[in-house]
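Engineer: Before I ask anything, let me first share the structure, which is written out below as structure tokens.
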Amino acid sequence: MVKWFFSILACMCLLLLFYGYWHASTHGWLYISLKKVVTGGSKFENINNATIAFFDPNGQLLAKGKSDDKTGVVYLAHPEVGYCFDDISKRSSTVESRQAWLDCYQKQSTWLINWVRKVAYMHLEFNDCSLKNLPVTVSESKNDWWLWWVPHPHIGGKPVTYFNIRLYVDREKCLRVEFP
């Protein structure tokens with residue numbers, strides 16, 4: 001009886017871990033950092049009101065996005081649901097808004113994981129600056145997938161694979177600069 005109990009417990013633990021790994025492998029989150037050099041190269045600010053496009057090595061368009069006009073946060077446009085933040089602000093209730101955002105996020109996170117590793121180049125346009133075919137490096141992290149089941153507000157939750165793209169631009173010269 002004890003042997004069966006521990007066998008079932010071990011199977012349940014393995015299933016929980018498998019689910020976490022599967023979810024992290026099929027859902028992604030992309031953080032895009034767009035910064036411009038100001039005050040002679042000693043300070044960086046977010047790039048606001050920018051449009052971006054990501055391309056694979058063959059020049060095939062993978063995704064489009066834009067940064068907002070206040071904080072420079074970059075939002076990607078899903079081919080079916082668009083930008084997750086656009087429609088949500090028009091909802092009448094917070095419960096409805098939260099559910100709309102969760103539904104949109106679910107679609108974006110499963111869509112993103114299918115193309116983000118293929119990104120090789122990006123186009124960036126803001127103000128009077130237009131940069132084309134910028135080589136892009138996408139960093140990836142899936143370190144915490146096995147902690148998804150922990151009942152803690154800062155640790156738990158369904159795991160995703162995190163991707164990061166950083167780009168720094170000299171706004172006066174409209175040129176890419178290396179990470180400081």
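The values are calculated or read from the model by the stated rules, or taken from the named source; none is laboratory data. Just so you know, these numbers come straight off a predicted model, no measurement behind them. Virtual Cβ from ideal backbone geometry, glycine too; neighbours counted across all protein chains shown.
Engineer: Taking segment 42-60, which residues are assigned to a strand (DSSP E or B) and not acidic (Asp, Glu)? Before you say what the answer is, go through the steps one by one.
Structural biologist: Residues of segment 42-60 that are assigned to a strand (DSSP E or B), as a first pass: 43-46, 51-55.
Answer for segment 42-60, where residues must be assigned to a strand (DSSP E or B) and not acidic (Asp, Glu): 43, 44, 46, 51, 52, 53, 54, 55.
Engineer: Take the residues of segment 101-136 that are in contact with a Leu (Cβ under 7 Å, 6 or more places away or on another chain) and of a type in the set (Phe, Trp, Tyr): which is nearest to residue 48 (Cα to Cα)?
Structural biologist: 121
Engineer: Quick check on residue 33: is it polar (S, T, N, Q) and assigned to a strand (DSSP E or B)?
Structural biologist: Details: polar (S, T, N, Q): yes; assigned to a strand (DSSP E or B): yes.
Considered against the rule, which asks whether it is polar (S, T, N, Q) and assigned to a strand (DSSP E or B), residue 33 comes out as yes.
Engineer: How about segment 129-154: which of its residues are modelled with pLDDT of 90 or more, over 16 Å from the mean Cα position of the chain (by Cα) and not small (Gly, Ala, Ser)?
Structural biologist: Matches in segment 129-154: 129, 131, 132, 133, 134, 135.
Engineer: Here is a further query. Which condition number does residue 99 fail, the rest of (1) outside any helix (DSSP H, G or I); (2) modelled with pLDDT of 80 or more being met?
Structural biologist: The number of the failed condition is (1).
Engineer: Same structure, new question: Report, ordered by the first and then the second residue, all pairs with beta carbons closer than 7 Å, sequence separation of six or more or different chains, a first member in segment 1-22 that is in contact (Cβ under 8 Å) with a residue 60 or more places away in the chain, and a second member that is assigned to a helix (DSSP H, G or I) and surrounded by 10 or more Cβ atoms within 10 Å (Cβ to Cβ).
Structural biologist: 17/146; 20/145; 20/146; 21/145
Engineer: Okay, moving on. Name the residue that is modelled with the lowest pLDDT, counting only residues in segment 155-180 that are exposed (fewer than 13 other Cβ atoms within 10 Å of the Cβ) and outside any strand (DSSP E or B). Spell out how you get there, then give the answer.
Structural biologist: Narrowing segment 155-180 to residues exposed (fewer than 13 other Cβ atoms within 10 Å of the Cβ): 155, 172-173, 175, 178-180.
Those left that are additionally outside any strand (DSSP E or B): 155, 172-173, 178-180.
Values: 155: 64, 172: 84, 173: 87, 178: 81, 179: 68, 180: 59.
Filtering segment 155-180 for residues that are exposed (fewer than 13 other Cβ atoms within 10 Å of the Cβ) and outside any strand (DSSP E or B), the one modelled with the lowest pLDDT comes out as 180.
Engineer: List the pairs whose first member sits in segment 163-180 and is under 20 Å from residue 116 (Cα atoms) and hydroxyl-bearing (Ser, Thr, Tyr), whose second member is assigned to a loop (DSSP other than H, G, I, E, B) and at pLDDT below 85, and whose Cβ atoms are under 8 Å apart, counting only residues at least 6 apart or on separate chains?
Structural biologist: Pairs that qualify, where the first residue is under 20 Å from residue 116 (Cα atoms) and hydroxyl-bearing (Ser, Thr, Tyr) and the partner is assigned to a loop (DSSP other than H, G, I, E, B) and at pLDDT below 85, are 168/178; 168/179; 168/180.
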